[in-house]
Structures are given as structure tokens and as C-alpha cells.
1. So which of 185/296; 232/262; 241/326; 113/191; 318/521; 114/182 end up more than 31 Å apart by C-alpha?
2. Given a Förster radius of 41 Å and the C-beta distance between residue 519 and residue 428 as r, what FRET efficiency does 1/(1 + (r/R0)^6) yield to the nearest 0.05?
3. For residue 263 and residue 225, what is the calculated FRET efficiency with R₀ set at 30 Å and r taken between the beta-carbons, to the nearest 0.05?
4. Test of the criteria: in segment 161-244, which trypsin sites (Lys or Arg not before Pro) are in a DSSP loop and have at most 14 other Cβ atoms within 10 angstrom of their Cβ?
5. Between residue 286 and residue 573, what length in nm is gained on full extension when 0.36 nm per residue of separation is reduced by their alpha carbon distance?
6. Evaluate the distance, in nm, between pseudo-label points positioned 7 Å from the Cα of residue 245 and of residue 144 along their respective Cα→Cβ axes.
7. In straight Cα distance, which lysines are under 19 Å from residue 466, not counting same-chain residues fewer than 8 positions off?
8. How many nm is it between the label spots at residue 450 and residue 134, if each spot is 7 Å from the Cα in line with the beta carbon?
Amino acid sequence: MQDNTELYKINNRTINQAFRSAAVIAIFCVTTAYFRERLFHTGMPIYTYPLFLFFLLITIFRNKISRRIKLLFVLITIIYVLTTSILTHGLLSSLKVFIVGIPLVVSFVTSYKKALISMVTCVTIYIFFAILYYKGHLYYKFDIEEYASNIFPWLYDISILFLASWVILIIGNNYSKSLIEKNNKIQDQNKELADKEEKYRRLFDDASDAIILIKANGKIYDCNQTTCLLFKYSKEAIINKSIFQLSTEYQNNETPSDKKGKQLFSHVLQGKTLKTEWTYINSEEKEFIASIAVNKIELSNKKYIQAIIRDITESKKKDRELEMYKDHLEQLVFDRTKKLKEAQAQLFQAEKMASLGTLTAGIAHEINNPLNYIKGAHYGLVQHFSEYKSSDQETTDILLKSIDSGIERASEIVNGLRQFCRNNDSLNEECNIHTIIDNSIIILHNQLKDHISIKKQYVDTPFIIKGNSGRLHQVIINILSNANYAIDNSGEIIISTFCENDNYKIVISDNGSGIEEKVIKQVFDPFFTTKPPGEGTGIGLYITFSIIQEHKGTIHIDSTPNKGTNVIISFPRQ
């Protein structure tokens, strides 16, 4: 557009210059034609003078008149002057030289082809007039011999030829200068563009990121050396390849690459600059993830899509690793927090049990004092009724025996509570397992007496191990409590002890609801319970397992749903 404007200015400037020169020739022609008509009576049309004046006015106001109107008027004027001159002077017309001027004028407005047609038309008209003169249809109205032998016509023709040649020379020279100036300017611009292109090419080729120029149809137009290294193709192999041939079939395992790419190109060609991630594949069939910036550029009035590609596979891998480390750290924090909570719960439970033991020991001691009074009173009553007979001796003996049974039962409970609540961390006590079991049954008597029968199958030999009596009481109480919970209505608990090889075995069996196999694997986990909320803490069997491990023993549960459970405890013989 800028070049067309420059050419228009050159043409317009040349036309204005031609008008000025033509005005000089017109003044000369009109003046000499006047004197020629006076000398030779050649005849001169009266409307030649108004046309001349109109031509001068156009020349004066040439800058305010459009180029086409000026050229059209010049063309009409030349044709008129040429025609009238040939009609008057025929072969001797000096103005026939302007036949050369007509195509020159036309060439400034239209194409070379049309200018050539105008020249042929003028020559044809000239030939037409020549035939008319030759046939005698036209004839000279003055003495040709006198006209041709006079010096004035020769001077006139020489002047016309000189002025016409001079005008054409000036116009051609100025037009040539303008074109040379324009050409120099274009060369300077081309040099500047070449320098810019060279700089761009260097930046393009030396860029650390891959740069690809893509046609609107998705074909690759150009690429830099980094692109070849990234995709492991030669430049020749990449050019004219579809960009989608370098992509995986799908993006994010969802959208086909060609469909997503066409949507992307549509937005970019509308002038938007987009950034996204894309999965490519190189010549070795290896996939990689890239960050791409896509924008529209224009080269030689053609639109291209520029894609700047950076491989971020390693970066994405590190991000995923960091995410995994983050998740792992969060899991570690979660596990550690869970363990801390479990430890806190154990400490709380231990503190609770310690407090309960202290409270129970205090209660046992307090009960023991009035129990001694009752024992003393019972002994006094026995002595009294031995010395002084009762009026109903049989009833008195029954009542005294009942009091004695109650005292004995209370003593056993107090003794069991003392054993259970002993505040001793030592594992070197002589622990009679049978006694510990009996004490535990006594403590739980109130829970078991209504619906459960207890069967003891003790081995005859002594069943004594070294350990902590209080903790072993807790083991037996926990297991018996679970057996009691598993029996809904009435049932039976069998407690067996026996020796096997170098181990003492305790088997506590019940005919309760049993435990499913998948649950058995979790029963010793802390805080795991099958009891409803509020009925269990989930640490009873965990504590039991810990105490047995403390005593170098093992515990195993064998259970069948709806049939019952066997708990087998083993301690090494010492």
C-alpha cells in the first residue's frame, strides 16, 4: 500500500510537470499558428483559442484537479489538435509528432496494453487521413510549394520537434530520477529488512527453545535447529510434515490431537496468544511433555502460526516426585499423629487403670476392716451358742454357717482385688496361674453368675511362672470379659491348663457368636473393636497381647462364626 502511494505521487508529479511543459508548447504553437495563418492563409478554427485558454486554466489549477481528469483532458486536446492540424496541413502537419505523446499520456493512467492500443488507434487515424488525401477527398487549401519553400515552416517544425523532444526528455528524466530514488529507497528498505531478517534468523536458529512456523492447514513451514534436536529429525524431514504427526494421538488421554489443535489454531488466527501443555512424540517413539506458547505472525503478507516449544518432562517428573514426597510426608505425619494419639490413649488408659487400681486397693482395705469385725462377731456367736444352747439350734447353725460362707466369699473377693491391683512393675513374682484364674472368676462373678457356667480343667502339676501377678490378672479378666460379651443368652466357658513340651498352655473356650476370619487379623490392633460406640475402647486385647509378649508368651485365637472361640495362651516353662 505504501509502494502504491509512492508511485501515485511520482506519476502525479510527472503529470504536473508535463502540464507545465505542454503549456509552454501550447503557447508557442498558438502564437506561431497565428502568424502562419497570416502568412499562408492555412486556416485556423476559431474554437482553438478557447480550448487553449481552458488548457491554461487546468495547468494553473492542476493541483486541485484529479489525475484522471487532467489526463483525459490532455488526451482529448491532443486528439483534437492532431486531427485539426492534419485536416489543415495534411502531410505537412507539424503536430503529428504528438502521436508519440498519446500512448505516453495513457501509460500514466492505465496499463501498457491500453497505451499500445491507443498508439495503434492514432496511427490508424493518421493512415485514414493519408488515404483521404491520396484519393483526393481531402486537399490542401494553400500553396504547398510556397509553404514548403519558406523558412518559417521549417523553423516552426524544428521548434515543435525540439520542444516535444525536450518535454519527453524532461518527463522521462524526472520520471527516471523518481524511479531511481524510489528504487534506492526500496533497496535501503530491503537491506534493512534483510538485516532484520538476518537478526531474526539468528535469534530463530540460536534460540534455546524449539520454534516452529506452521501454516494454517497444520503443515510445518519452517523450524530452528533446536526443533531438530528435540524431535530427533532432520530439518528436511520436519518441513511440510503435519504438526499433528509429531503429537501423540490424544492429549491428556481424552481429546484427539488434531481436533484440539484445530480449535487452538482457530483461536490463534483470530489474534489470540495462547499458552498450554502438549504431549509430543519424537522419531524414537518417545513421548515428552512440552510447554507451548502459540501466536500469529505475518511473513510476506501470509499468516503463520508460531509455536515456541519447551520440553518440561523432567520438570513435570520432579513435580510429581515432589507431590509424592508431599503425600508421603503427609502420610508420615498422619501415622505419627495416629501413633501419638494411640500412645496418649494408652497412657490415659494406664493412668486410668493405675487410678482404678489405687481406688480398688483402697476399697479392698476399707472392706477388710469391717470384715474383720464381722469375723470376730461370728466367732463370738459360735462360742456363745456353743456354751449357751439356742432354743432353735438347727436354725441358729444354718444362720451361722451362712454368715461364715459370706465372710469367706468376701475375703476371697478382697484378696482377688488385692492381687489384681498390686502396684508392682516387677516380672519376677511367683505367679500361680490357677490362683490368678480363680481370682479373676471371683472378680467377674457378678457378670457371669446369671447365664454362664464355668468349667475348670486344670492340670494336676503346679502351674507357676515368673511374671507380674497384677498384669496376668488383667490378661485373664480381659479374655473372660470378651467371652462373656460373645455369649448372648446362656452359655459355657471352659478353662483348661496343661503342659506341652516346654510350654504352659491356657485354653479359654466359649460357645458364643464367634469371630469372622477377616476380623481375627485385626483384633490385636489398638482401638479396633466390634462393639457398638460407648461399649468398648478397642485396647483390651491390645493390652492383653502386650502383657503376654512382656512375659515371653504367645496368644492365638481360633474361632468359627456362630460356634465359638478358643483363645490359646502359651508361656515358656522356667
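1. Correct reply: 241/326; 113/191; 318/521.
2. The pair residue 519/residue 428 has a calculated efficiency of 0.65.
3. 0.50
4. 232
5. Working: separation 287, 0.36 × 287 = 103.32 nm, distance 6.64 nm.
Separation in residues times 0.36 nm, less the Cα-Cα distance, equals 96.7 nm.
6. Those two pseudo-labels are separated by 8.0 nm.
7. Straight-distance partners of residue 466: 505, 552.
8. 15.1 nm
The values are calculated or read from the model by the stated rules, or taken from the named source; none is laboratory data. Not measured: the values here are computed from a predicted model. Methodologically, a virtual Cβ is constructed for each residue, glycine included, from the backbone with ideal geometry; neighbour enumeration extends over all protein chains shown. Quick note on the areas: whole protein, heavy atoms, side chains included, nothing else; ligands and nucleic acids left out. Shrake-Rupley method; radii C 1.70, N 1.55, O 1.52, S 1.80 Å.
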